[in-house]
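First the structure, in the form of structure tokens, and then the observations on it.
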């Protein structure tokens with residue numbers, strides 16, 4: 001006899017996250033309980049009218065994530081207008097895209113800084 005597998009664990013309970021549940025519920029309600037990704041994750045979602053079709057399901061909740069890049073402390077202070085509902089795969093894709101964009105911006109800044117002379121020589 002084989003043991004039954006336990007359901008996938010997630011940090012969000014059926015009633016919402018343990019902290020910030022009121023804001024989370026507002027974000028999810030405003031999204032119509034559907035992922036709001038329109039391609040920010042790197043996928044086009046064209047087969048579904050340009051929007052991710054995933055809805056929050058038990059064990060696979062939607063997450064309230066910042067609409068614009070923000071640090072952890074700044075993200076905790078955002079209200080419902082600054083957050084959007086994303087499913088797990090879209091949230092991970094968005095995080096990768098933001099990390100890539102940040103690295104590219106840092107590389108451009110480094111190239112621009114290295115093109116300028118460190119010292120001006122005057123006679």
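The values are calculated or read from the model by the stated rules, or taken from the named source; none is laboratory data. Model, not experiment: these values are computed from the prediction. No Cβ is skipped: glycine too gets one built from the backbone with ideal geometry, and neighbour counts run over all protein chains shown.
The residues on offer are 96, 111, and the sole one that is assigned to a helix (DSSP H, G or I) and at pLDDT below 85 is 111. Considering only residues in the stretch 73-95 that are in contact with a strand residue (DSSP E or B) (Cβ under 7 Å, 6 or more places away or on another chain) and surrounded by fewer than 19 Cβ atoms within 10 Å (Cβ to Cβ), the one that is farthest from residue 28 (Cα to Cα) turns out to be 75.
Considering the conditions (1) modelled with pLDDT of 90 or more; (2) out of contact with any helix residue (DSSP H, G or I) (no Cβ under 7 Å at 6 or more places or on another chain), residue 52 is excluded by exactly one of them, (2).
Tell me yes or no: at least one residue of the stretch 26-43 is part of a loop (DSSP other than H, G, I, E, B), at pLDDT below 85 and surrounded by 10 or more Cβ atoms within 10 Å (Cβ to Cβ). Outline the logic, then answer.
Applying the first criterion (part of a loop (DSSP other than H, G, I, E, B)) to the stretch 26-43 yields 31-33, 35-43.
From what's left, at pLDDT below 85: none.
No, the stretch 26-43 contains no residue that is part of a loop (DSSP other than H, G, I, E, B), at pLDDT below 85 and surrounded by 10 or more Cβ atoms within 10 Å (Cβ to Cβ).
Among residues belonging to the stretch 96-113 that are free of Cβ contacts under 8 Å to residues at least 40 places away in the same chain and within 14 Å of residue 40 (Cα to Cα), point out the one that is surrounded by the most Cβ atoms within 10 Å (Cβ to Cβ). This residue is 98. Residues in the stretch 44-63 that are part of a loop (DSSP other than H, G, I, E, B) and surrounded by fewer than 19 Cβ atoms within 10 Å (Cβ to Cβ): 44, 45, 49, 50, 51, 53, 56, 58, 59. Restrict the check to the stretch 64-87 and report whether at least one residue is modelled with pLDDT of 90 or more, in contact with a helix residue (DSSP H, G or I) (Cβ under 7 Å, 6 or more places away or on another chain) and assigned to a helix (DSSP H, G or I). Within the stretch 64-87, one or more residues are modelled with pLDDT of 90 or more, in contact with a helix residue (DSSP H, G or I) (Cβ under 7 Å, 6 or more places away or on another chain) and assigned to a helix (DSSP H, G or I).
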